[in-house]
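Just so it is clear, none of the values below were taken in a lab; they were calculated from the coordinates. None of these values were measured; they are calculated from a predicted model. All Cβ positions, even for glycine, are placed from backbone atoms using ideal geometry, and neighbour counts span all protein chains on display.
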Amino acid sequence: MTILRLTRSFFSRIVHLANQEPACGHSKPTGPDDIAGGQAVIEGVMMRHGNRIATAVRTPAQEIVIKEQDYVPLTKRYPLLGLRIVRGFVTLVEMMVLGIKTLLYSAEIALPEGEKKPQGWEIALSLCMSFGLAVTLFVLIPAYCFASLRGVIENTILLNIVEGLIRLSIFLAFLLTTLLMKDMRRVFMYHGAEHKTVFAWEHGQELTVENIKRFSTRHPRCGTSFILVVFVISILIFSLLGRPDFLMRVVCKLSLFPLIAGISYEIIRFSGKHKEKGWVNAISWPGLMLQKITTREPTDDQIEVAVAAMKRVI
């Protein structure tokens, strides 16, 4: 696996941050706080529920390899980190770290025969390049545009909306570009398999391929929806901070991101629990539409992988 492929995978993981918080394990949900979730990895799916994590990956020999582990999140180990708003950023960081580790594991299992494993320095370099690219695209470039347009757009709220639209355009361009990559299209199919399987479990259905195929690939608690909410909350908060120059804008963006992520997390979590409310569905609609890009209809064998992971954690 080359540094370029690793960087692309890591960057995609940073952008597609999974967003869910586990609860106690049961064969079907026991209430609105009983939440399961996961994320797509290379040729597989990671599922998380309660204090259990399972990653199922299909090997080049078409076997399903499953890795199980106990995992008690920081929000449960340290009560202060479980407070509203605070728990959002903590969970975000945890899921990003866990996602990168899981991605590396799946890449190793799905590695074609004869292809050598990446070395430590290649992984470290790829991670640095991924984070650098994310900061450049979603912080530095929008902040530069904001500073450049201060003399053109007098209304502060409108200026923040324009900057938000620039950031959203960059995000959409990235997502559309990934559709051109065969390996990323397969990840999006596994993403769809993960969502369908979670939906089937949430509706108390037996986890069979035929049952799961009936459900949607779009889920309101998805990390794609989370990112869209982050963009909107950013516009609202930064509109209160006036018209700082480029450097101060970057400092504000980085320092306030934990707060913005925390608020966004609570909104996504609430929408996931109250899907029956019309106004909640209206809020969730843009994120669900965005998932038309980040999810694809899975094949039966991909659903089987998602089921294999889910059955180990419920």
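Please arrange E276, E266 by counting, for each residue, the other beta carbons lying within 10 Å of its beta carbon, fewest first.
Numbers: E276 7, E266 15.
By the 10 Å Cβ count, ascending: E276, E266.
If one computes the Cα centroid of the stretch 52-101 and of the stretch 176-253, what distance in Å separates the two points?
About 16 Å separates the Cα centre of the stretch 52-101 from the one of the stretch 176-253.
How do T208, T55 line up, fewest other C-beta atoms within 10 Å first? Walk me through the numbers on the way to the answer.
Working: T208 12, T55 28.
So the ranking, lowest neighbour count to highest, is T208, T55.
About its Cα centre, how strong a charge dipole does the stretch 56-175 have in debye, to the nearest 20, once Lys and Arg get +1 and Asp and Glu get -1 at the Cβ?
With Lys and Arg at +1 and Asp and Glu at -1, about 380 debye.
When ranked by the protection proxy of mean other Cβ atoms within 10 Å per residue, highest first, what sequence do the peptides 287-297, 217-227, 67-77 form? Each step should come with its number before you reach the end.
Numbers: 287-297: 19.3, 217-227: 24.6, 67-77: 13.6.
For the peptides 287-297, 217-227, 67-77, the packing ranking is 217-227, 287-297, 67-77.
What angle do you read, to the nearest 10 degrees and between 0 and 90, between the alpha-carbon axis of helix 246-273 and the longest principal axis of the chain?
So the helix axis and the longest Cα principal axis differ by about 40 degrees.
How long are the semi-axes of the equivalent ellipsoid of the chain, defined as square roots of 5 times the Cα gyration tensor eigenvalues? Whole Å, largest first. Don't skip to the end; give the middle numbers.
Numbers: eigenvalues 208, 111, 64 Å².
Square roots of five times the eigenvalues give 32, 24, 18 Å.
Given K101/K182; K76/K273; K182/K311; K67/K196; K76/K117, which pairs have Cα atoms separated by over 31 Å? Could the numbers behind the result be given before it?
Numbers: K101/K182 22 Å; K76/K273 20 Å; K182/K311 28 Å; K67/K196 21 Å; K76/K117 35 Å.
Among K101/K182; K76/K273; K182/K311; K67/K196; K76/K117, the Cα-Cα distance tops 31 Å for K76/K117.
Helix 278-294 sits at what angle to the longest principal axis of the chain, using alpha carbons and giving 0 to 90 degrees rounded to 10?
Long axis of 278-294 versus the principal axis of the chain: about 70 degrees.
Per DSSP H run of at least 4 residues, take -39500 (n - 2.57); add these up for the chain, divide by its residues and hand me the 222 nm value, nearest 500 deg cm²/dmol.
On the way: 12 runs with 188 residues, N = 314.
My calculation for the chain gives -20000 deg cm²/dmol from helical runs alone.
Assign unit charges at the C-beta atoms only (+1 for Lys and Arg, -1 for Asp and Glu), then state the dipole size of the chain relative to its Cα centre in Debye, rounded to the nearest 20. Numbers along the way, then the final one.
Working: 36 positive and 26 negative charges, 94 e Å.
Computed charge dipole of the chain: roughly 460 debye.
Among L103, I314, W279, which residue has its Cα positioned farthest towards the positive end of the charge dipole of the chain, with +1 placed on the Cβ of Lys and Arg, -1 on the Cβ of Asp and Glu, and the dipole taken about the Cα centre?
W279
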